[in-house]
Amino acid sequence: MKKKESIFVLSWMLLALFFNFSASAQSDAFHKGALLVSATEGQTWANYATGNETDGSHGFINGVRDPLSLEYGLSKRWGIGLTSGADLYMVDPSRFYAFNFPGGKVKATTSEITVDGHYHLFVTRKADISLLTSIGGFSVSTKGSLGDYSYKYSAGGNIIRIGSSARYYFLKRLGALATFSTFASQASTKGVKDNTVANNYTTSICGFALEFGLCFRFF
């Protein structure tokens with residue numbers, strides 16, 4: 001019995017050492033050389049402001065956000081990436097762009113492409129929390145038609161975004177993601193020649209965004 005008990009205990013010790021080695025060999029949730037792909041959806045709460053030299057208006061409205069992001073690990077803490085995103089707002093054209101539309105509110109769509117810097121301040125094998133700063137190009141446009149009536153407004157500029165992200169990997173490479181950020185953006189019609197409404201109007205959008213989605217880690 002003692003021999004069998006010794007073999008049993010030794011087997012469990014070897015098994016425990018194996019799982020301990022396997023766990024220690026696993027990579028952290030973020031590390032140098034990792035490539036992260038993230039897709040999220042969320043809400044934006046923003047102060048939407050438009051105007052020219054003599055007239056303007058602003059108001060607090062909600063929008064829908066839908067970005068796609070890439071990040072590469074430069075070290076165990078620092079990462080660099082790119083984000084391509086779009087926000088959607090329903091705005092009153094008579095209030096913000098000085099024209100009336102028979103159909104009521106119109107759809108204003110923003111687009112951004114940013115370079116992102118990430119600092120991962122908390123990292124485990126399953127989770128990480130990071131801070132981000134983004135800067136890049138920004139545009140806003142609204143166009144449409146109803147019967148014989150049509151309109152088009154387009155403007156371009158820049159955006160800066162600061163925020164924080166939290167990831168939790170429920171599988172080896174697939175995880176859930178939440179991001180909260182604050183942003184400021186401005187676009188003008190300078191150089192745009194085919195607008196049919198709101199010529200010389202700038203659009204400034206500043207606010208907050210909350211997003212949820214999925215992330216996948218390569219390497």
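For region 89-104, enumerate the residues that are of a type in the set (G, A, S) and assigned to a loop (DSSP other than H, G, I, E, B). Can you show your working first?
Keep residues of region 89-104 that are of a type in the set (G, A, S), which gives 94, 98, 103-104.
If the condition is that a residue be of a type in the set (G, A, S) and assigned to a loop (DSSP other than H, G, I, E, B), then A98, G103, G104 are the ones that fit.
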Next item on the list: Go through the residues of region 128-150 one by one and say whether even a single one is surrounded by fewer than 19 Cβ atoms within 10 Å (Cβ to Cβ), in contact with a His (Cβ under 9 Å, 6 or more places away or on another chain), among the hydrophobic types (A, V, I, L, M, F, W, C) and in a strand (DSSP E or B).
Entry: yes
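Yes or no: A166 part of a strand (DSSP E or B) and either more than 18 Å from the chain's Cα centre (by Cα) or not hydrophobic (A, V, I, L, M, F, W, C) (or both)? Outline the logic, then answer.
On the way: part of a strand (DSSP E or B): yes; either more than 18 Å from the chain's Cα centre (by Cα) or not hydrophobic (A, V, I, L, M, F, W, C) (or both): no.
Spelling it out, it is not the case that A166 is part of a strand (DSSP E or B) and either more than 18 Å from the chain's Cα centre (by Cα) or not hydrophobic (A, V, I, L, M, F, W, C) (or both).
Kindly indicate whether A155 is aliphatic (A, V, I, L, M) and more than 19 Å from the chain's Cα centre (by Cα). Let's see the steps before the verdict.
Working: aliphatic (A, V, I, L, M): yes; more than 19 Å from the chain's Cα centre (by Cα): yes.
Considered against the rule, which asks whether it is aliphatic (A, V, I, L, M) and more than 19 Å from the chain's Cα centre (by Cα), A155 comes out as yes.
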Notebook entry, point to check: With respect to V91, is the statement that it is among the aliphatic types (A, V, I, L, M), in contact with a Pro (Cβ under 7 Å, 6 or more places away or on another chain) and over 17 Å from I160 (Cα atoms) true?
Noted result: no
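Looking only at region 169-219, filter to residues that are basic (K, R) and part of a loop (DSSP other than H, G, I, E, B); which one of those is surrounded by the fewest Cβ atoms within 10 Å (Cβ to Cβ)?
So the first thing to find is which residues in region 169-219 are basic (K, R), and the list is 172-173, 190, 193, 217.
Cutting the leftovers down to part of a loop (DSSP other than H, G, I, E, B) gives us 172-173, 190, 193.
Working: K172: 11, R173: 13, K190: 10, K193: 7.
Among those residues, the one meeting the criterion is K193.
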Check: Taking strands (runs of 3 or more DSSP E) that do not extend beyond region 24-88, which have at least 2 residues that are out of contact with any Pro (no Cβ under 6 Å at 6 or more places or on another chain) and under 14 Å from T110 (Cβ atoms)?
Finding: 35-51, 56-65
Margin query: Looking at region 111-136 only, could you name the residues that are of a type in the set (K, R) and without any contact (Cβ under 8 Å) to a residue 60 or more places away in the chain?
Written below: none
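Coordinate-derived values only; no laboratory data. Treat the numbers as computed from the prediction; the structure is a model and nothing was measured. In this analysis, Cβ positions are derived from the backbone assuming ideal geometry, glycine residues included, and neighbour counts consider all displayed protein chains.
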